[in-house]
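One structure below.
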Amino acid sequence: MISLNPAPTFPADVDITEPGATDTLKVAFVFKHKGRKELDEFISRPAKAKEAGQELKDPEYLGEIVVAWPGVDAPFTPENFATFLEQRPASGHEIYRAYLRALTESRVKN
């Protein structure tokens, strides 16, 4: 049976590009659930910020959806998250894509 209200958070692995590595690394994250309206607002926020002449930084924007990262060897804090994103230029987009995929697509089992 499915619950009317989903859990407020959910785990998902994110394939992170590690500079110098030949393969991506699977890193465990815990994300905040957003319903349709909240998700639409979240997705449209970067374009709205750009129209208003504002810059939306990845640590603040993605910090709205990342709750924890059990796959990283440091506590999840805004400062550590900013460092993580700064040191891995592709990671912001990778986290964003993984979040949308985990939130909107069912997992396929072989």
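Among ASP58, ASP15, ASP73, ASP40, the ranking by other beta carbons within 10 Å of each residue's beta carbon, starting with the fewest, stands as ASP73, ASP40, ASP15, ASP58. For the chain, adding -39500 (n - 2.57) for each run of n ≥ 4 DSSP H residues and dividing by the number of residues yields -12500 deg cm²/dmol at 222 nm.
Relative to the present Cα-Cα distance, how much length would full extension add between ALA68 and ALA90 at 0.36 nm per residue of separation? It would help to have the intermediate numbers written out before the result.
Working: separation 22, 0.36 × 22 = 7.92 nm, distance 1.90 nm.
Roughly 6.0 nm would be gained on extension.
Using the Cβ atoms and a cut-off under 15 Å, what net charge is assigned to the surroundings of ALA90, where Lys and Arg are +1 and Asp and Glu are -1? Could you put the intermediate results ahead of the total?
Working: positive: LYS26, ARG88, ARG97; negative: ASP15, GLU18, ASP23, ASP58, GLU86, GLU94.
Local charge sum for ALA90: -3.
Relative contact order, whole percent, for region 9-104 stands at 34, derived from Cα pairs under 8 Å and 6 or more residues apart. Quick check on the chain: what does the Kirkwood estimate of hydrodynamic radius come out to from the alpha carbon pairs, in Å? Result for the chain, one decimal place: 15.1 Å. Remark: spin-label model distance GLN54-LEU4 equals 3.5 nm, labels positioned 7 Å along the Cα→Cβ axis.
Computed from the coordinates by the stated procedures, all read-outs in this text should not be read as laboratory data. Small disclaimer: the values here were computed from a predicted structure and weren't measured. Virtual Cβ from ideal backbone geometry, glycine too; neighbours counted across all protein chains shown.
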